[in-house]
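S.K.: Shown below is the structure under consideration.
The values are calculated or read from the model by the stated rules, or taken from the named source; none is laboratory data. In this text, all values refer to a predicted model and were calculated from it rather than measured experimentally. Cβ atoms come from the backbone with ideal geometry, glycine included; neighbour counts cover every protein chain shown.
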Amino acid sequence: MSKFVRDIMKIGVPACEMETSLAEIAKIMARENADAVVVMDEVGSCGVVSQSDLVRAYPRNFDLLTAKDVMTPKVLTVPPDAAATAVAHIMMDEKVHQVFVLHEHPGAGKPSAVVTMRAIVREMAGLEPERPAPPLKRK
């Protein structure tokens with residue numbers, strides 16, 4: 001049976017603003033166990049900063065750089081009902097490691113989930129998709 005994006009996606013996408021420092025983006029990625037951060041402007045998502053972007057910036061004076069200096073201005077998105085195999089093709093064709101999930105709703109917005117190469121590998125291994133940890137219960 002074919003899988004859909006909704007079956008393998010990781011819910012939740014970390015985001016930052018265009019002026020966010022690369023050090024802060026690295027902290028967000030580490031804290032969220034994320035491969036990329038979506039860059040937001042006043043209209044909606046406008047770019048992506050990936051781990052590759054951070055590593056490329058590392059030898060430079062990265063302390064002075066922000067998201068807008070290194071981001072890829074293309075945010076690849078798919079709906080949750082897209083075929084998982086189609087996402088794999090997009091990743092290979094576009095040479096990216098993640099594709100974001102944008103639900104149908106009015107206006108520009110922030111992606112709500114992501115499909116990564118890791119998610120496809122987990123699917124191939126028969127493992128459950130990564131899901132956010134449940135909130136801690138207060139006593």
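S.K.: Out of all the residues in region 1-39, which are more than 20 Å from Glu130 (Cβ to Cβ) and modelled with pLDDT under 95?
M.R.: Met1, Ser2
S.K.: With respect to Ala30, is the statement that it is of a type in the set (A, V, I, L, M) and surrounded by 13 or more Cβ atoms within 10 Å (Cβ to Cβ) true?
M.R.: no
S.K.: Test of understanding: among Ser52, Ser45, which residue is surrounded by fewer than 16 Cβ atoms within 10 Å (Cβ to Cβ) and among the small types (Gly, Ala, Ser)?
M.R.: On inspection, the qualifying residue turns out to be Ser52.
S.K.: Answer with yes or no whether Ser2 is hydroxyl-bearing (Ser, Thr, Tyr), more than 14 Å from the chain's Cα centre (by Cα) and under 22 Å from Ile120 (Cα atoms).
M.R.: Against the criterion (hydroxyl-bearing (Ser, Thr, Tyr), more than 14 Å from the chain's Cα centre (by Cα) and under 22 Å from Ile120 (Cα atoms)), Ser2 qualifies.
S.K.: To continue, here is another question. Given the condition over 18 Å from Met117 (Cα atoms), among the β-branched types (Val, Ile, Thr), surrounded by 14 or more Cβ atoms within 10 Å (Cβ to Cβ) and in contact with a helix residue (DSSP H, G or I) (Cβ under 7 Å, 6 or more places away or on another chain), answer yes or no: does some residue in region 1-14 qualify?
M.R.: Checking region 1-14: not a single residue is over 18 Å from Met117 (Cα atoms), among the β-branched types (Val, Ile, Thr), surrounded by 14 or more Cβ atoms within 10 Å (Cβ to Cβ) and in contact with a helix residue (DSSP H, G or I) (Cβ under 7 Å, 6 or more places away or on another chain).
S.K.: Select from region 70-125 the residues that are among the acidic types (Asp, Glu) and either crowded, with 16+ Cβ neighbours inside 10 Å or in contact with a Cys (Cβ under 6 Å, 6 or more places away or on another chain) (or both) and list them in ascending order.
M.R.: Glu123
S.K.: While we're looking at this one, here's another question. Scan region 3-32 for residues that are in contact with a Ser or Thr (Cβ under 7 Å, 6 or more places away or on another chain) and either at positive phi or of a type in the set (Gly, Ala, Ser) (or both) and jot them down.
M.R.: Answer for region 3-32, where residues must be in contact with a Ser or Thr (Cβ under 7 Å, 6 or more places away or on another chain) and either at positive phi or of a type in the set (Gly, Ala, Ser) (or both): just Ser21.
S.K.: Can you name the residue in region 54-68 that is of a type outside the set (Gly, Ala, Ser), without any contact (Cβ under 8 Å) to a residue 40 or more places away in the chain and in contact with a helix residue (DSSP H, G or I) (Cβ under 8 Å, 6 or more places away or on another chain) and, of all such residues, is farthest from Glu17 (Cα to Cα)?
M.R.: The qualifying residue farthest from Glu17 (Cα to Cα) is Arg56.
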